[in-house]
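Quick note: the coordinates plus some simple rules give every number you see, no bench work behind them. Here the structure is a predicted model, which is why all the values come from computation and not from measurement. Here the Cβ is made from the backbone with ideal geometry for all residues, glycine too, and neighbour counts use every protein chain on show.
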């Protein structure tokens with residue numbers, strides 16, 4: 001059951017660790033300690049985490065309990081149901097902590113919400129699973145028969161892979177009459193033994209003595225190892241070489257070159273000749289052969305370096321040396337040589353990065369953990385102490401968690417639109433002299449969140465569309481931008497608003513993907529001049545963000561309406577008649593033709609032309625006023641009835657026109673002159689002073705009124721041009737010399753006077769507001785005029801007139 005839980009938790013380990021680090025804001029450096037024996041069965045309970053951490057068992061899973069060991073094998077796991085820490089892998093103390101007295105495994109226990117970080121030290125207790133062994137099965141010892149009682153002979157040590165109380169604790173020697181065994185306790189280390197001669201030997205009685213040495217460890221039950229000792233009894237060399245010290249100490253730097261001298265040993269022998277010459281040698285013990293590492297000069301006793309040393313592998317060597325004379329029956333003495341390897345700063349710090357959150361969301365909170373950084377240095381002392389830092393100015397920083405453990409956290413706001421990734425450089429230095437360093441680069445990717453709404457490049461968009469455009473025409477393409485990416489930047493468009501209380505969707509439609517605006521009907525300028533709506537751009541993020549833009553559509557006029565002749569005259573096909581006296585002078589007012597055009601601008605600017613019978617050159621018409629007057633006095637040769645055809649045409653492209661026929665009849669007396677809807681004053685032959693004063697007064701009043709009217713029109717045009725929000729459709733309205741203009745849309749009328757009209761004339765006609773692009777027409781005098789077109793201001797109006805083929 002525990003194995004199944006372990007497998008399940010291992011699969012989710014990465015996710016749990018990620019969530020814990022994401023919300024980590026505080027660390028606790030408190031440490032707990034457990035102990036367990038090696039080779040414990042899988043599932044063996046080490047301790048109760050829930051109890052020791054003071055956490056409810058039901059909260060372990062919700063708070064994402066996670067165990068980090070920093071080793072390739074995960075020796076321990078937690079049971080989320082019971083809160084117990086149990087063994088997950090086979091633990092071999094000799095594999096983990098060979099030749100180390102205290103063996104520990106350190107693990108990190110992390111809980112989130114709130115964050116709890118505990119360091120747990122698990123002491124691995126040794127079990128007696130290894131028996132003592134000797135390097136060789138037998139050992140030969142040559143002893144002179146002259147050796148005095150009490151002389152000691154060093155015996156090979158047994159090796160036990162176990163430690164502590166399970167290591168070699170004592171030795172036993174088989175029963176004999178010549179030798180006893182002196183066992184020297186090693187404390188926490190293995191014991192050693194010496195063979196002690198009890199009485200003088202007699203080679204002649206027994207040349208060889210066979211003994212059995214048994215090594216016994218401290219386990220329960222104890223385990224043993226056996227060495228066969230063969231004692232060869234030699235004859236007479238009665239002086240033994242003697243070392244000047246029983247213990248020699250020396251130090252050597254780990255980077256000392258091969259051949260470097262370490263120490264010189266010194267031993268003397270009181271004998272003479274060959275029996276007094278001393279030979280130095282190393283004594284091989286157990287599985288360590290000093291000759292593999294060091295060289296000893298057998299004549300001088302100089303000890304030198306033979307192979308490369310490494311403080312991180314072994315910091316000290318305990319070597320047993322022998323001094324042996326050259327006698328046929330050599331005698332020897334023993335001493336200890338302790339060589340300490342001095343550390344040099346020859347290892348750079350090692351940086352290990354465990355990524356927890358990559359990519360990092362751009363809205364990640366400050367303090368969110370991105371990765372764990374561990375720094376190790378194989379050197380010792382100051383050379384092994386490290387410092388770690390983050391290089392450069394970035395929205396990240398390193399927090400120290402525990403000694404050489406660090407966490408890389410967010411330290412400032414992130415913005416993917418400004419920067420999508422960071423290459424973070426981490427440098428670790430040790431405290432050696434000179435200091436060594438190492439560098440690693442972490443690539444952190446920033447993932448997008450929907451934090452930007454679509455936006456339009458313009459706050460208001462003005463579109464110009466010609467009337468009578470075909471249905472389904474693409475009149476404009478709306479475009480918005482979103483600096484986010486992928487779905488967060490995918491924009492859809494929609495319409496909002498009404499036009500004159502009619503849903504704008506009855507006029508136009510918009511492609512939600514491309515933003516293309518399509519007309520659903522053909523527009524008529526005379527019915528609809530402008531309308532306004534809003535386009536909303538919405539991204540596809542969660543939640544979606546949107547923005548609006550106001551769109552003003554102005555319908556441009558086309559010349560699709562003919563001029564219309566107004567009463568009292570009808571269009572062509574009906575009979576209209578006027579009378580003039582035979583005595584009429586040149587310039588005599590005959591009639592005034594009035595016409596309107598439903599179009600605007602130049603399309604509504606009308607001009608009047610007169611067609612008379614061939615040979616008749618009696619009448620003229622004002623091109624802009626439509627007034628018919630006589631060009632000269634009557635003659636007896638002139639006809640009594642004149643058939644006139646008046647052509648009224650606009651200035652559109654192409655020009656449209658209308659005609660009206662008028663029969664002008666010449667009568668003998670002014671009393672017979674008939675007018676319709678007006679009174680024509682009778683011209684007097686004598687021009688009195690009263691008439692002169694009256695004329696001057698009328699002209700003055702007319703001029704003042706005309707100037708006031710022009711000023712009023714100019715002010716209104718200026719207001720309209722400065723305030724485009726009214727969005728009146730383009731229309732030209734002119735009233736030179738009392739010309740007539742009409743609009744169905746406004747149904748408003750002004751009063752206009754003709755300055756050169758002899759007859760009183762009051763006319764009402766519409767006065768539409770001049771739009772921003774209206775044409776202003778100024779009368780230069782008589783029947784001539786100039787045209788000036790005011791186009792939309794480029795800073796206010798988007799130049800987007802759509803032409804249709």
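A few remarks follow.
- Fewest neighbouring Cβ atoms within 10 Å first, the residues 427, 91 line up as 427, 91.
- Likely footprinting exposure, 77, 496, fewest C-beta neighbours within 10 Å first: 496, 77
- Prolate/oblate/rounded label for segment 79-189 (Cα gyration tensor, a/c 1.5): prolate
- For segment 495-648: rounded, prolate or oblate by the Cα gyration tensor [a/c cutoff 1.5]: prolate
- When 308, 108 are sorted by how many other C-beta atoms sit within 10 angstrom of their C-beta, beginning with the fewest, the order is 308, 108.
- Against the empirical curve 2.2 N^0.38 Å, the C-alpha radius of gyration of segment 455-556 lands at a ratio of 1.12.
- Model label sites at residue 397 and residue 443, defined 7 Å from Cα along the beta-carbon direction, differ in position by 2.8 nm.
- Length-normalised contact order for segment 455-556 - Cα pairs under 8 Å, 6+ apart - percent: 39
- Working from label points 7 Å from Cα in the Cα-to-Cβ sense, the residue 287 to residue 586 distance is 14.3 nm.
- Restricting the calculation to Cα atoms, segment 443-486 yields a radius of gyration followed by a Dmax of 17.8, 61 Å.
- Contour minus Cα-Cα distance for residue 663 and residue 415 (0.36 nm per residue): 80.7 nm
- Theoretical gain in end-to-end length, residue 96 to residue 270 [0.36 nm per residue, Cα-Cα removed]: 57.6 nm
- Shape category assigned to segment 242-342 from the gyration tensor of Cα positions, a/c cut at 1.5: prolate
- Given R0 = 60 Å, the distance between the Cβ atoms of residue 210 and residue 59 translates into a calculated FRET efficiency of 0.30.
- Were the residues from residue 199 through residue 361 laid out at 0.36 nm apart, the gain over their Cα-Cα distance would be 49.6 nm.
- Volume per residue that the Cα convex hull of segment 138-234 spans, once the total is divided by residue count, Å³: 80
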